[in-house]
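The values are calculated or read from the model by the stated rules, or taken from the named source; none is laboratory data. Not measured: the values here are computed from a predicted model. Here Cβ is always computed from backbone atoms with ideal geometry, including for glycine, and neighbour counts include all displayed protein chains. All accessible areas refer to the heavy atoms of the entire protein, side chains included, with ligands and DNA or RNA removed. Shrake-Rupley method; radii C 1.70, N 1.55, O 1.52, S 1.80 Å.
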Amino acid sequence: MTLQIYTSSDTVFANSFESDLQRYLRGLGGLLVFLFVWWLGAVTTQPSYLVPKPLDSARAFVDLFVTSTTIAVPILGTRLLLPTGLAHLAQTLFHYVPGLLLGAGCGVSLGLAMGWNSEFDDWLQPLVRALRPIPPLAWVVFAIVWFGIHHTGAAFIVFVGAFWINFYGAYGGVNGVSSDLTDAASTLGVECDRSMLKLVALPSAAPQLLTGFRTSIGRCWMIVVGAELFGAPGVGYEIINASNNLAMATSVAYMFLISLAFLCMDVGFRVVERRVLAWR
Amino acid sequence: MALSGSRSTDQASSEKISVRNLSRAYESTQALDDVSVSVTEGEFCCVVGPSGCGKTTLLRAIAGLETPDSGSVLVDGNPVTDPGLNRGMVFQEYALFPWRTVRGNIRFGLDRPACNCPDCEARVRELIDLVGLKGFENAYPKELSGGMKQRVGIARALAVDPEILLMDEPFASVDARTRDHLHGELLDIWSQTEQTVVFVTHDIDEAVTLADRVVIMEADSGTVQSTITVDIDRPRHRTAQEFIEYVARIRDELGSLTVPTEYSQ
């Protein structure tokens, strides 16, 4: 039996290597076509700042790491000298990370509580339905009057965005726990709700929980840039700032930086996800 | 004595499980209607009946997973209100924890505070040997066949050393050959552990292969039709004359009920 597995996986490997190569080549082709169309658009439009040239954008991107900027570190109160691009990325992360983690934590907690306890669910369901459709950025006015335009205000908006996605991940996950599994656990000595949550509901809901969190990583990048357009420091603010000086190539460079940061986080989290969910 | 003969007749027959006038209704259907059954200590009792006759509800009530509308279940004279470690349960669809390995599933009950085994890891090894899963300790349920999954299910239930083993059509999703193997293994385990077994099935052959006594439930009405003691030495052979006679008798009991209702419709 094992022999069979090896031979079949060998052929799968050979096939997948060939198709992978083909896939990469096609992807590269698509990228080159896009760059050409971009370049064509850039050289044919006037004034030139409407569409910055690809090469200028690339140069602006490199510049982000050649020059350096000093930023203030919140809470610690110290100042930090970093390459400009990283400095502004760090500023974004100062409100992105706390907003995401806190929002995910609170969202998961409420989702678990409502998914697990139907009475609690009855109490809060109408409220959830009323608040859920409000786009996180709509909260920007309260972020401003409550926390001011800075890290805290931006973190609050990210918090709202992360909250709902993770809420629904946890809620759906716990709702979908099979009664066979909870029955089996209770015949094996699991008596209280807390143990049942920890030993059965949470691991069983883990796939949905993690998918929810991974989705919120991406969604919060969109939200964080939106929040910074209103004035919180970070890469989003720098996009606006550069365009105000008609340095559109720099705006594009920051857009790349956001894309890169998101990609790194997404890929990193997928690795974690695959490890945690090896049983699937 | 091991496999031969019925153990319940060797022992002083003391009542282990007593189901008294149990009734349970779901919306429009009466799953159990005034059912009384008694199971002796160490007995292998099969409950047969067509699908939807309430046999699973009966088993779940003994497990403490189902609250009856009226009547009671007594184990050793104590009323059952909740699930307990003295009653292990094996499920039709295995109900293994997919995020735990074979070892992790079997250990589940041993990791509870109520457990007092001196060396849990040794106990797990012993159970893995008992159900023949050596070499698969670290496999996840998705990597196992149906028969292997149910072996894990049985080992997991046995881990906490319950006095009663409740089995809900455990081999219904297993292919016929594997089922024959598992029957033999289950009887081996039963003869070693001296547990009381209540085994629900819709397969008459299976009931006659395993049981000391067969409780026959009526279709639709949720009542017990009759009880038949199977007095054949083990191991039993399906082709033996007396085996075939028992199967026919049970089929008659079940058929005598369903045929008239079919005509009346």
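Any chance you could count how many residues in the stretch A:172-198 are touching a Phe, Trp or Tyr at 6+ places or on another chain (Cβ under 8 Å) and within 11 Å of another protein chain (Cβ to nearest Cβ)?
Initial filter on the stretch A:172-198 (touching a Phe, Trp or Tyr at 6+ places or on another chain (Cβ under 8 Å)): A:174, A:180-181, A:183-185, A:188, A:193, A:197.
So of that shortlist, the ones also within 11 Å of another protein chain (Cβ to nearest Cβ) come out as A:180-181, A:183-185, A:188.
Total satisfying the criteria: 6.
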Is at least one residue of the stretch A:15-33 at pLDDT below 90 and not in a helix (DSSP H, G or I)? no
If you go through A:99, A:115, the only one that is modelled with pLDDT of 95 or more and surrounded by 15 or more Cβ atoms within 10 Å (Cβ to Cβ) is A:99
Residue B:159 meets each of (1) in contact with a Leu (Cβ under 6 Å, 6 or more places away or on another chain); (2) open to solvent by 10 Å² or more (accessible area, probe 1.4 Å); (3) within 27 Å of residue A:276 (Cβ to Cβ); (4) not aromatic (Phe, Trp, Tyr) with one exception, condition (2)
Exactly one of B:74, B:32 is buried (at least 22 other Cβ atoms within 10 Å of the Cβ) and away from every other protein chain (no Cβ under 14 Å), and that one is B:32
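Looking only at residues that are in contact (Cβ under 8 Å) with a residue 40 or more places away in the chain and open to solvent by 40 Å² or more (accessible area, probe 1.4 Å) in the stretch A:157-196, which one is nearest to residue A:122 (Cα to Cα)?
Of the stretch A:157-196, the ones in contact (Cβ under 8 Å) with a residue 40 or more places away in the chain are A:157-175, A:193.
Going one step further and asking which of them are open to solvent by 40 Å² or more (accessible area, probe 1.4 Å), we end up with A:159, A:168, A:175, A:193.
Details: A:159: 24, A:168: 16, A:175: 14, A:193: 18 Å.
Here the residue is A:175.
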Note on the stretch A:100-128: residues touching a residue at least 60 places away in the same chain (Cβ under 8 Å) and either in contact with a His (Cβ under 9 Å, 6 or more places away or on another chain) or aromatic (Phe, Trp, Tyr) (or both) are A:116
Checklist line | Hey, residue B:78 of a type in the set (S, T, N, Q) and not assigned by the TED database to the domain that holds residue B:193 or not | finding: no
If we keep only residues of the stretch B:92-121 that are open to solvent by less than 10 Å² (accessible area, probe 1.4 Å) and touching a strand residue (DSSP E or B) at 6+ places or on another chain (Cβ under 9 Å), then the residue nearest to residue A:204 (Cα to Cα) is B:95
Reported set for the stretch B:205-229 where residues are of a type in the set (Val, Ile, Thr) and open to solvent by less than 30 Å² (accessible area, probe 1.4 Å) is B:208, B:209, B:214, B:215, B:216, B:228
- Does the stretch B:72-86 contain any residue that is out of contact with any Pro (no Cβ under 6 Å at 6 or more places or on another chain) and closer than 15 Å to residue B:153 by Cβ? no
Filtering the stretch B:121-171 down to residues that are β-branched (Val, Ile, Thr) and within 14 Å of chain A (Cβ to nearest Cβ) yields B:124, B:152, B:154, B:160, B:164
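Quick grid of which residues meet (1) over 17 Å from the mean Cα position of the chain (by Cα); (2) among the basic types (Lys, Arg); (3) within 24 Å of residue A:280 (Cβ to Cβ):
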| site | (1), (2), (3) |
| --- | --- |
| B:69 | yes, no, no |
| B:77 | yes, no, no |
| B:80 | yes, no, no |
| B:84 | no, no, no |
| B:92 | no, no, yes |
| B:95 | no, no, yes |
| B:104 | yes, no, yes |
| B:107 | yes, yes, yes |
| B:110 | yes, no, no |
Considering the stretch A:239-280, residues that are among the polar types (S, T, N, Q) and open to solvent by 80 Å² or more (accessible area, probe 1.4 Å), and then whichever is farthest from residue A:217 (Cα to Cα), we arrive at A:245
Being in a strand (DSSP E or B) and either open to solvent by 20 Å² or more (accessible area, probe 1.4 Å) or at negative phi (or both) narrows B:53, B:45 down to just B:45
So, first residue open to solvent by less than 40 Å² (accessible area, probe 1.4 Å) in the stretch A:64-75, second residue hydroxyl-bearing (Ser, Thr, Tyr), Cβ within less than 9 Å, six or more apart or across chains; the pairs are A:64/A:84; A:64/A:250; A:64/A:254; A:69/A:84
All conditions in (1) among the acidic types (Asp, Glu); (2) open to solvent by 80 Å² or more (accessible area, probe 1.4 Å); (3) within 23 Å of residue B:166 (Cα to Cα); (4) modelled with pLDDT of 90 or more are true of residue B:194 except (4)
